[in-house]
Structures are given as C-alpha cells and as structure tokens.
Amino acid sequence: MTKQKSADCALLDRFSLKERIVMRSLWTAFTTVGVYGIWIRSPLWAVLYLVLTVLGFALVVLPALCAHCPYPAKHNTCLFAPPGLIRRFYPYKGPDMSAAEKVGPFATMAVMVITPNFWLASSPLLLLLFWLFAFPTLAAFPRHFCKRCRHFGCPMNKARFPNAP
C-alpha cells in the first residue's frame, strides 16, 4: 500500500489495533450508559433506544456509509466492526454516495447521541459519564480520522491534497 500525504498529514492505510479498541470501547460505553440511564427511568424506552441504536447502525449507517468505505473492502480494517462482517453483509459500492447516504448515517448517529440526554438530564452523574465517553468518540473524527481518511466520498472527509483546487 502506498503512503499518500494530504496537505496536513499522511493518510491512514489501516486503523491500528489501539484505534479500533478505543473507538469500539468508547462507542459501546456511551451507548451502554445511555441505555442504563434510560432504563432506570423507563425500561420500555431503554429497550426502544437499544433497538433504535442496533437497527440504525445495521440498516442505515453500515449500508449507507460503511458500504462505500474503502477500509473494510480494500484495506481489511474497520473502526467499528470486523471488516469481514462488513464485506459479507454490506459489499463495497464504490466511493460515490447519494445525498440520502450522506445525510442518513449522520442523522442516525445524531439521534443515537442526543436521545439519551432527555433521560440522563435527571441524573447529572450519568450525564457526565455519558459525555466523558461520547465526547472523545465524536471529537476523534474531525480532529484525527477525517483529516487522514481515504473514504473520499464521505461528506466528513477533510483530507486535503496540495495540488487540489
């Protein structure tokens, strides 16, 4: 694999084991805190939130965003799921994404992050814990991954090339 450089830094050819463990753990941690925070107020809403999270990821994020990502398809790596699983259930569609595929995953993820806050607001400790896990997860993308990403069809991609217009 060739190492290309953007105007700011080298593009990622693959995600390290540390990056995968950290991102998967943080995502799971803030989702778990969210489910628990909702559960202590309303078990029914906690189950609905968990179903929303799982189905939103499986039916919106993975097919719309991850099926266009070159990492599981070409580089055999993925931040959030085993690449073989992504390739099996969400075959690579190429880099071009439709408008719905650009908006859908980010809207779904926003709902996943915002929804628990309504219940967590009544428990400041859980709200703090939720955001101690969620903030670094969310901040890692624009500050680290999006600047080095090879998924050029993604609207979040911030990799800049010196010769680009």
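Sorting 146-158, 13-25 by average packing, meaning the other beta carbons within 10 Å per residue, from highest down gives 146-158, 13-25.
Taking the C-alpha atoms only, the angle from helix 43-56 to the longest principal axis of the chain is near 10 degrees. Per residue, the average separation of C-alpha pairs within less than 8 Å and at least 6 apart gives region 1-94 a relative contact order of 29 percent.
A Förster radius of 35 Å, combined with the Cβ-Cβ distance separating Ser25 from Ala100, puts the computed FRET efficiency at roughly 0.70.
The magnitude of the dipole of the chain, with charges of +1 and -1 set on the Cβ of Lys/Arg and Asp/Glu and taken from the Cα centre, is near 540 debye.
Taking the accessible area of region 11-165, probe 1.4 Å, and keeping the other protein chains in place, the carbon and sulfur fraction comes to 72%. Against the chain, whose longest principal axis comes from its Cα atoms, helix 124-140 is set at around 10 degrees. Spin-label model, Ile40 to Leu59: label points 7 Å out along the Cα-to-beta-carbon direction sit 3.1 nm apart. Working ranking of peptides 112-121, 45-54 by packing, defined as the average number of other Cβ atoms within 10 Å per residue, highest first, is 112-121, 45-54.
Gain on full extension, evaluated as 0.36 nm per residue between Ala140 and Phe118 minus their Cα-Cα distance, stands at 5.5 nm.
Helix 99-114 axis versus longest C-alpha principal axis of the chain: approximately 40°, rounded to the nearest ten.
The values are calculated or read from the model by the stated rules, or taken from the named source; none is laboratory data. Quick caveat: nothing in here was measured; it's all calculated off a predicted structure. Here the Cβ is made from the backbone with ideal geometry for all residues, glycine too, and neighbour counts use every protein chain on show. Ligands, DNA and RNA are stripped out before the accessible areas are found, and what is left, the full protein with its side chains, is counted by its heavy atoms. Shrake-Rupley method; radii C 1.70, N 1.55, O 1.52, S 1.80 Å.
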